[in-house]
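See below for the structure under consideration.
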Amino acid sequence: MSFNASPDVAFGHPVSKVGARRVATVAFAAQGASVAAVYTTVPAVTERLKLAPLLTTALMVAVALMAGGGSFLGLAAIRRAGPVATMRGAMLTAVAALVLLGWVPGQAAVTCAYLLFGLAVGVLDVGVNTRAAEIERAYGRSVFGSFYTAWSVGGVVAALLTAGAARLGWPVAGSLTLQAGIVLLLTVCVRTHALPAPQGSPDAVAQLSLGRRLWVRLIPFGLVLLVVYVIESSVSAWSAVYLRQTLAASLTVAPLAYAAYQVGTVIGRTGADRLVQKLGAVALVRTAALLAAGALAALAAAPGWPFAVLAAGAVGLGASVLAPLCLASAARLRPTASEAVLARLNLFNYIGVITGGAVSGLLGSTGHFRLAYALPAALAVLLLAAARHFTQPSSSARTEGLAQKL
């Protein structure tokens, strides 16, 4: 690889794989924190504004729909300004949405705030995953898991802050403003670091046609991502409501299931990159799918909130590796157009979020929240068939990464 700049600077930015990885880690943490801040405050926002259960369900579905649109807006932004600038803009928009969610006075205004947040998350999602794919290609080995570990850590911190604020008697506006401030601080840390460009000229990359065959090859990954985000949305968007309504937990306790879920994902993702090297992607996906299915069944049958919190943690442990391995494998289908591949794959992501969020919300509003976790348990078994399509960085990619390092 060659650059039209000195060894230390490219396109006006310092060349540093380590720096780029650090910045991407910060962006993933900010995304995880903002998503957790929104989902764990749903019960409090609902009670403050006296929202009907069906309206709350509709708002969660609307967030997912806006995120799907935001994914393609993010693709356009990446092509125009690059992934780092796209991440910055999306993070600032998420900050504004968090503040609005806490302070807006009525149903129409809170609807607009949720829609704005969904748009920001969709843009940020394609931005961070595109950057992660570029960084993994530069390293020549699996590093996707480390980014999603940061996502989960951000989620844990935000969920615990929600619980702590409720314990102290803070209004939801204070909690969301605090969390918006944290995301803003993380945004300030985002800097641009140049990476080795993919093989091929920029014109060739820009003119690359993805074609129908790529859609066919994306189907197994899309199936996995769809099921993963059915699980994710069922736990993330509704676990606090499940504990509150079905298991009679307090507002202080209700966010703990989300926190436990994210703790499980932190543990799973911390070792994901090493496990890929040791066990292989296929075996790891199959093991994780079986664990997630069993834990979801336990969550559905939970006799009380302590058991539910433990089961949610086990769900996170099982589901933790599926999304990063899925996105990394899909990005390797077309390394020179990873942003376009991931934007298309995100369609399955948001279909899963919409399906999981809508079904869970509808079941919950009719008093059948336990079914909302039993159904994804059955779906998780389908992941076993798709596992054989997963790949990991090839030896040639690792050799290229070593050559760039030298």
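The values are calculated or read from the model by the stated rules, or taken from the named source; none is laboratory data. Computed from a prediction, not measured in an experiment: that's the story for all the values here. Reconstructed Cβ throughout: ideal geometry from the backbone, glycine too, with neighbour counts over all protein chains shown.
Listing for the model above:
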quantity: Cβ pairs under 7 Å, 6+ apart, first in the stretch 45-58 and surrounded by 12 or more Cβ atoms within 10 Å (Cβ to Cβ), second of a type in the set (Gly, Ala, Ser) and assigned to a helix (DSSP H, G or I); calculated: PRO53/SER365; LEU54/SER365; THR56/GLY361; THR57/ALA358; THR57/GLY361; THR57/SER365
quantity: Evaluation of ALA109 against (1) in contact with a Leu (Cβ under 9 Å, 6 or more places away or on another chain); (2) small (Gly, Ala, Ser); (3) touching a residue at least 40 places away in the same chain (Cβ under 8 Å); (4) assigned to a helix (DSSP H, G or I) (one fails), failing number; calculated: (3)
quantity: Residue within the stretch 264-273 that is under 19 Å from VAL359 (Cβ atoms) and either of a type outside the set (A, V, I, L, M) or in contact with a Leu (Cβ under 9 Å, 6 or more places away or on another chain) (or both) present; calculated: no
quantity: Filter result (in a helix (DSSP H, G or I) and surrounded by fewer than 19 Cβ atoms within 10 Å (Cβ to Cβ)) within the stretch 160-172; calculated: LEU160, GLY164, ARG167
quantity: Qualifying position, being closer than 22 Å to LEU379 by Cβ and under 18 Å from the mean Cα position of the chain (by Cα), among ALA283, ALA295, ALA288, ALA301; calculated: ALA288
quantity: Options VAL157, VAL205, VAL188: the member that is modelled with pLDDT under 80, surrounded by fewer than 20 Cβ atoms within 10 Å (Cβ to Cβ), out of contact with any Phe, Trp or Tyr (no Cβ under 7 Å at 6 or more places or on another chain) and β-branched (Val, Ile, Thr); calculated: VAL205
quantity: Residue within the stretch 148-163 that is aromatic (Phe, Trp, Tyr) and closer than 15 Å to ALA27 by Cα present; calculated: yes
quantity: Lone unmet requirement of (1) surrounded by fewer than 24 Cβ atoms within 10 Å (Cβ to Cβ); (2) without any contact (Cβ under 8 Å) to a residue 24 or more places away in the chain for ALA311; calculated: (1)
quantity: Filtered residues of the stretch 211-233 (kept if under 15 Å from LEU379 (Cβ atoms) and either at pLDDT 80 or above or charged (D, E, K, R) (or both)); calculated: PRO220, GLY222, LEU223, VAL224, LEU225, LEU226, VAL227, VAL228, TYR229, VAL230, ILE231, GLU232
quantity: Residue within the stretch 350-357 that is at pLDDT 80 or above and part of a helix (DSSP H, G or I) present; calculated: no
quantity: Considering residues of the stretch 255-267 that are touching a Phe, Trp or Tyr at 6+ places or on another chain (Cβ under 8 Å) and over 11 Å from LEU299 (Cβ atoms) only, the residue surrounded by the fewest Cβ atoms within 10 Å (Cβ to Cβ); calculated: LEU256
quantity: Those residues of the stretch 191-202 which are of a type in the set (A, V, I, L, M) and either closer than 30 Å to ALA36 by Cβ or modelled with pLDDT of 85 or more (or both), in sequence order; calculated: LEU195
quantity: Filter pass, VAL121 being within 17 Å of THR41 (Cα to Cα) and out of contact with any Phe, Trp or Tyr (no Cβ under 9 Å at 6 or more places or on another chain); calculated: yes
quantity: Residues (modelled with pLDDT of 95 or more, within 19 Å of ALA44 (Cβ to Cβ) and among the small types (Gly, Ala, Ser)) located in the stretch 84-108; calculated: ALA94, ALA97
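To keep it simple, each residue is scored yes or no on (1) farther than 20 Å from VAL235 by Cβ; (2) assigned to a helix (DSSP H, G or I); (3) within 13 Å of the chain's Cα centre (by Cα).
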{"position": "ALA37", "(1), (2), (3)": "no, yes, no"}
{"position": "THR57", "(1), (2), (3)": "no, yes, no"}
{"position": "VAL61", "(1), (2), (3)": "no, yes, no"}
{"position": "ALA76", "(1), (2), (3)": "yes, yes, no"}
{"position": "VAL84", "(1), (2), (3)": "yes, yes, no"}
{"position": "VAL121", "(1), (2), (3)": "no, yes, yes"}
{"position": "ALA132", "(1), (2), (3)": "yes, yes, yes"}
